[in-house]
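Heads up, the thing below is written out as structure tokens.
Please treat every number below as a calculation from the coordinates, not as lab data. Quick caveat: nothing in here was measured; it's all calculated off a predicted structure. We place every Cβ from the backbone using ideal geometry, glycine too, and count neighbours over all the protein chains shown.
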Amino acid sequence: MMATKEKMPFSAQYFLEVKMNKKIKENFSSLEGLDCSYQFEIDDDVWNLDLTKKNPQIKSGPLDEPDCAIKLSSENFEKLVRGKLNVPLDLVTGKLIIKGD
């Protein structure tokens, strides 16, 4: 009898700090030459990615002046990650806020 694989609930923290940092490390050469910083505000939590630093990685906490700041709910972040978010509509309705370059 095969064991059923339980689906883990989505976690923005796990996605950003584990999955995305793994992708950044694996594909670092594709980020070379980028000179910008990002901030992700998801519900009451904040993460940042500063590509101006050596060995960039997504970390918990805000930046003083990010080049681009993205704000949305954890529910909408999960939809964004899964390709299910209606970005134009959510930008217009304020469910997704993007500031900066």
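Below 8 Å, C-alpha to C-alpha, sequence gap of six or more: please give me the relative contact order for the chain in percent.
On the way: 124 pairs, mean separation 22.8, N = 101.
RCO, the chain: 23 percent.
If you take the beta carbon distance between Ser30 and Val92 as r and set R0 to 35 Å, what does 1/(1 + (r/R0)^6) give as a FRET efficiency, to the nearest 0.05? Please report the intermediate quantities before stating the final value.
Values: r = 31 Å, r/R0 = 0.89.
Calculated transfer efficiency: 0.65.
If I model a spin label as a point 7 Å beyond the Cα along the Cα-Cβ vector, how far apart are those points for Phe10 and Asp43 in nm?
Calculated label separation equals 1.3 nm.
What does the convex hull of the Cα atoms of the chain come to per residue, in Å³, rounded to a whole number? Provide the component values of the computation, followed by the final result.
Details: hull volume 13.6 nm³, N = 101.
Per residue, the Cα convex hull of the chain comes to 135 Å³.
So, with +1 on the Cβ of K and R and -1 on the Cβ of D and E, and no other charges, what is the size of the charge dipole of the chain about its Cα centre, to the nearest 20 debye?
Numbers: 15 positive and 17 negative charges, 115 e Å.
About 560 debye.
Would you kindly state how much longer the chain becomes between Asp50 and Val18 on full extension, computed as 0.36 nm times their sequence separation minus their alpha carbon distance, in nm to one decimal?
On the way: separation 32, 0.36 × 32 = 11.52 nm, distance 1.62 nm.
Contour length minus Cα-Cα distance gives 9.9 nm.
With unit charges on the beta carbon (Lys/Arg positive, Asp/Glu negative), name the residue among Val92, Asn48, Gln13 whose Cα is farthest towards the positive pole of the charge dipole of region 12-100.
Gln13
Ignoring solvent entirely, what values of log10 I(q)/I(0) come out of the Debye formula for region 1-60 at 0.22, 0.28 Å⁻¹ when each Cα is a single scatterer?
Normalising to I(0) and taking log10 leaves -0.89, -1.21.
To the nearest 500 deg cm²/dmol, what mean residue ellipticity at 222 nm is calculated for the chain from DSSP H runs of n ≥ 4 alone, each contributing -39,500 (n - 2.57), summed and divided by the residues? Walk me through the numbers before you get to the answer.
Values: 3 runs with 21 residues, N = 101.
Value at 222 nm, helices only: -5000 deg cm²/dmol.
In terms of Cα to Cα distance under 28 Å, which lysines are near enough to Lys59, apart from those fewer than 8 places away along the same chain?
Within the straight-line limit of under 28 Å, Lys59 reaches these lysines: Lys7, Lys19, Lys22, Lys23, Lys25, Lys71, Lys79, Lys84, Lys95, Lys99.
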